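**Q** Take this structure first; my questions come after.
Each reported figure results from applying straightforward, stated rules to the coordinates on display, with no laboratory input. In this text, all values refer to a predicted model and were calculated from it rather than measured experimentally. Reconstructed Cβ throughout: ideal geometry from the backbone, glycine too, with neighbour counts over all protein chains shown.
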Amino acid sequence: MGGTRPRYGGTLRVNMQAALLSVDPADTNSTDPVALDEISCLLFDTLVTLDGRGALVPGLASSWRSDSGYQRWSFSLRSNVRLSDGTVLTPQIVAASLRSVNPDWRVAPSDDGVTIEVSSPARRLPMQLALTRNSIVQRDNGRLLGTGAFAVSLWQPGKQLILKEREDYWRGRPFLDEIDVALSRNMRDQMMSLDLGKVDLIELAPGQSQRTTEKRTIVSSRPNQLICLVFQNNTPNEDERKLREALALSTDRRALANVILQGDATPAGSILPNWQSGYAFLFAPAYELRSARELRDEVHFVTPWTLGYDVTDPSARLLAERIALNAQDAGLRLQTSMSSTTDIRLERILISSPDGYIALLDVARQLGLIMPKVPGNSTENLYQAEKELLESRRMIPILHVPANHALAPSVHGWTSQWDGRAGLVDAWLGTGRP
Amino acid sequence: MGNGYNSPSRNMLLIKPTVRRAAFCILLFFMAPHHTFAATTWGAEIEQLAVKIASVTGPGAVSVDLENKSSLANNQRDEVRRQLLTQLASHGLRLVDQEQAAATIHITLSENLTSYLWIAAIHVGNNPAEIEMVALPRPDPTSPQRQTSTITLHKTLLWSQTTPMLDIAVLDGSPPHMIVLEPDRVALYRYQGSGWEQQDAMTISHAHPWPRDVRGRLVIRKDHLFDAYLPGVFCQSGNRTPVTLNCRESDDSWPLGNDLLNLNGFYASARNFFTGVLVPGIGKQSTVSSFYTAAGLPRANYILWLFAGTDSRVHMLDGITDQVMQAADWGDEVASIRTSCGSGWQVLASSRSSNSDSIRAYEFADRVASPITQPADFSGSVVSLWTAMDGVTAFAVSRDDRTEKYEAFRLSVSCIQ
């Protein structure tokens, strides 16, 4: 900040590679969870939110409490909060929003807020409500209304999104007047635009974060995304399990991290990265081609697999192709495919919560896995749950990757979120005028 | 085939033989200096881990290796190891070389976002490793700093807290009291020998949301305890204990000076700056361009006022002219204090640097600013700087970007003459 108070005004120009087709935080079809998360939190709020250290702080809910069994929770809503069309946020709107995303919960409006009942003790429910997918959204015939700092002023799916500040935002008007997001911009064009001063914030392609210049500020998050292989078949037989293990052993993650992603990734053997769980090194990934071949040789018939990936992401294609080559070295039959229905998908999942248990639960949900029940809340219980998920052989962790962004020097006031990403709600432009 | 795709048994036990001789370990235990912090702080967790390990291995010959993947310092790591070996010995585990051991224990001192995590991977015979772990909270980091000069700007930490502070005031009495202005309350503290203890807290009621960069000012009064100025809200305390606080919507002007320098400015209640309208004005001048802060410097026949403008320039008003000073390295926080140094009045100004803020004292002869002290560095952003009502000190609030704590400092200038 440098002794400078924030300036009001100006348009922050942002480039994104994602071809977002929806800004609904509960959209399960988005191929870029980071982009969706970053846009959603500008438009919508959650009942409970997180500070820069990942601790819970009140959001739309001013307070909350639970019964002694942690199965019935009551949330009191902040008063005088308005949706972007000016209507007052009501308990009914909140309840409907939460019900649509969490069909297993019994959510009911109360006099001053909502009550949530769950079938088993949920000590971490407030942390769960801080997930972006639990943002409060009024869905009205395809129109999305939120209580966030910005409102949509122009929306061309996959092309452009312009957000306008809200003077009546309950946390105070943001400093920026507008955020203009150009979507579907490839990384090379983004960098050129930044260098030419045509844009203020871009994503960085792998390896670019290490090529810094004085003209830009690099913001690298912690490795907050998991790249993994996910199998469509839920019930592998013994042969299939051996082949899956052979695939895991044949994948040279170090080469994927260092060559394809040019050092902007960490080989992953676990779902949660070590900075979050503290025990990820216990699942250190192995590259053992000989063991992979031995496993493959124990199977009489090697099922051919197809491997799908996000076709809009050039690095995903390179990763998929290299994994397929590695697999072929082990005698496995794996071919990349641009089809939407494949035996295996290369997925990129956002680690969405600083709470390891909630993060694991959310990864399991995103991948369609069943979260194991664990007896307690300790780190040891979390380790057991993650171990069971890995042993289900439904997915293979490949890499943990950070989100890297570059900002023009005129961008100030962005805040570091719990995972190290830049939060833009407080951003302001040095060239702006009050 | 182990524990899934990435079996822990394949790669995780790359045991580095750092502890070779059991006798040496025991000798180390008796000879090592006794750093008591681990014993007092982490004794329970160390014992807990030892019990868990012993429940897997049972009594007997074991080898132990310890690896530190956490932010613990080497001496802390050594202390944990020393304590753990003692605990293991008390549970009947005898330390031997790896080749002679019935069980090998690989301890990793790790950490996650909130906790230290101590993990034991225990190999008994050819069985897969059994994992035991204990978690314990990580402490918050802290920060200190200081520098000297013949004219010195002193920066004394008064108070630190995680919730935002807008301003602070100290009543030097017996006992001293401190008032902390927060966005939603005013807290009153009393000094009790070893530190400040909260005596009272009063809620600030406000109908409209605060602007994002919410600011405020506390003013100590003679007929009642204090006034608090916030965007669009004015609060007045009572004059007897328990202290009460009455707040109301208000567009009243805020005091910009102190008991010696009387000037008020109107605040833009939905923004973070003053509109530029001044009361009672400076000579013939009743307006200036919008500004963040102001500092008055008494001269022989007039008071020169400096305004840190929202246009990033410093405006100097003397009652007749509005002169702009290009102060490239000044930030938006200025205040003036009366001292026994130099001309008797100095300006404190924040600086614009890339990482963290500093405040420096300046002489202002002939309308040219000359630094007279070294900068006082802050480990983060200066969010508030106001002259105390007595005019001889100033109070600064900063936000430490690392610890995310707000820290309030008293600033004063001293000199050797």
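**Q** Angle, helix A:238-250 long axis vs. longest principal axis of chain A, Cα atoms, 0 to 90°, nearest 10?
**A** Between helix and principal axis, roughly 70 degrees.
**Q** Take B:T241, A:T251, B:T287 and order them by how many other Cβ atoms sit within 10 Å, fewest up front.
**A** B:T241, B:T287, A:T251
**Q** Work through the residues other than A:T115 whose Cβ is under 11 Å from its Cβ and net out their charges, Lys, Arg +1 and Asp, Glu -1. Spell out each step's value before the answer.
**A** Values: positive: A:R65, A:R72, A:R106; negative: A:D67, A:D111, A:D112, A:E117.
In short, -1.
**Q** What FRET efficiency would be calculated for the residue pair A:D140, A:E117, taking the C-beta separation as r and a Förster radius of 30 Å, to the nearest 0.05? Intermediate values should be presented prior to the final figure.
**A** Working: r = 26 Å, r/R0 = 0.87.
FRET efficiency, A:D140 to A:E117: 0.70.
**Q** How far, in degrees from 0 to 90, does helix A:33-43 lean away from the longest principal axis of the Cα atoms of chain A, to the nearest 10?
**A** Roughly 10 degrees between the two axes.
**Q** Next question, about the same structure. For B:A73 and B:S174, FRET efficiency with R0 = 45 Å and r from the beta-carbon atoms, rounded to 0.05? Mind showing how you got there, number by number?
**A** Details: r = 42 Å, r/R0 = 0.94.
The value I calculate is 0.60.
**Q** So which lysines pass the test for A:K198, namely a Cα distance under 22 Å, with those fewer than 8 places away in the same chain ruled out?
**A** By straight Cα distance, A:K198 reaches A:K159, A:K164, A:K215.
**Q** 5 Å is the cut-off here: which amide hydrogens, built 1.01 Å from N in the peptide plane, fall below it relative to B:L256, excluding neighbours closer than 5 in sequence?
**A** Answer set, sorted by chain and number: B:L263, B:N264, B:G265.
**Q** Each label point is 7 Å from the Cα along the Cα-to-Cβ direction; what then is the distance between the points at A:V311 and A:L289, in nm?
**A** Going by the 7 Å Cα→Cβ label model, 3.2 nm.
**Q** Would you calculate a helix-derived [θ] at 222 nm for chain B, using -39,500 (n - 2.57) for each DSSP H run of n ≥ 4 and dividing by the full residue count, to the nearest 500?
**A** Working: 4 runs with 53 residues, N = 417.
Taken over chain B, the calculation gives -4000 deg cm²/dmol.
**Q** Separate question: For segment B:225-376, with the dipole built from +1 on Lys and Arg beta-carbon atoms and -1 on Asp and Glu ones, taken about the Cα centre, which of B:V347, B:C247, B:P298 lies farthest toward the positive end?
**A** B:P298
**Q** By counting other Cβ atoms within 10 Å of each Cβ, how are A:Y357, A:Y279 ranked from fewest to most?
**A** On the way: A:Y357 22, A:Y279 26.
Result, fewest neighbours first: A:Y357, A:Y279.
**Q** On a 25 Å Cα-Cα criterion, which of the cross-link pairs A:K373/B:K52; B:K69/B:K155; A:K242/A:K387; B:K222/B:K405 come out too long? Provide the component values of the computation, followed by the final result.
**A** Working: A:K373/B:K52 23 Å; B:K69/B:K155 37 Å; A:K242/A:K387 17 Å; B:K222/B:K405 32 Å.
With Cα atoms farther than 25 Å apart: B:K69/B:K155; B:K222/B:K405.
**Q** With θ taken as phi - 60° and the coefficients 6.51, -1.76 and 1.60, list the Karplus ³J(HN,Hα) couplings across segment A:6-19 in order, rounded to whole Hz; mark glycine and proline as x.
**A** Computed from phi, the couplings for segment A:6-19 are x, 9, 8, x, x, 10, 8, 9, 10, 10, 9, 7, 4, 9 Hz.
**Q** Hydropathy first: keep DSSP H helices in chain B averaging at least 0.5 on Kyte-Doolittle, then drop any whose Cα extent along the axis falls short of 15 Å, and list what survives.
**A** B:36-57
**Q** Just to confirm my numbers, what's the Cα centroid distance between segment A:1-77 and segment B:377-417 in Å?
**A** 32
**Q** Can you give me the angle between helix A:379-391 and the longest principal axis of chain A, using Cα atoms only, in degrees from 0 to 90, rounded to the nearest 10?
**A** Tilt of helix A:379-391: around 50 degrees.
**Q** Sort B:F364, B:F273 by Cβ crowding within 10 Å, fewest neighbours at the top.
**A** Going from least to most buried by this count: B:F364, B:F273.
**Q** Right, next: Based on DSSP H runs of at least 4 residues, each adding -39500 (n - 2.57), what is the mean residue ellipticity at 222 nm of chain A after dividing by all its residues, to the nearest 500 deg cm²/dmol?
**A** Details: 10 runs with 103 residues, N = 434.
-7000 deg cm²/dmol, from helical runs alone.
**Q** Cα centroid distance between segment A:103-160 and segment A:161-228, in Å?
**A** Each part reduced to its Cα centre gives a spacing of 25 Å.
**Q** Need one number: nm distance between label points at A:V57 and B:N126, each 7 Å from Cα along Cα→Cβ, rounded to one decimal.
**A** For the pair A:V57/B:N126, the computed spacing is 5.7 nm.
**Q** Sticking with this one: With a cut-off of 15 Å, note down the residues of segment A:318-361 whose backbone N falls inside the zone around a label point 7 Å from the Cα of A:N233 toward its beta carbon.
**A** Taking a point 7 Å out along Cα→Cβ of A:N233, the residues of segment A:318-361 whose backbone N falls under 15 Å are A:332-335, A:342-345.
**Q** Now for a separate question. What FRET efficiency would be calculated for the residue pair A:N186, A:S153, taking the C-beta separation as r and a Förster radius of 41 Å, to the nearest 0.05?
**A** On the way: r = 25 Å, r/R0 = 0.62.
Efficiency, from the Cβ-Cβ distance: 0.95.
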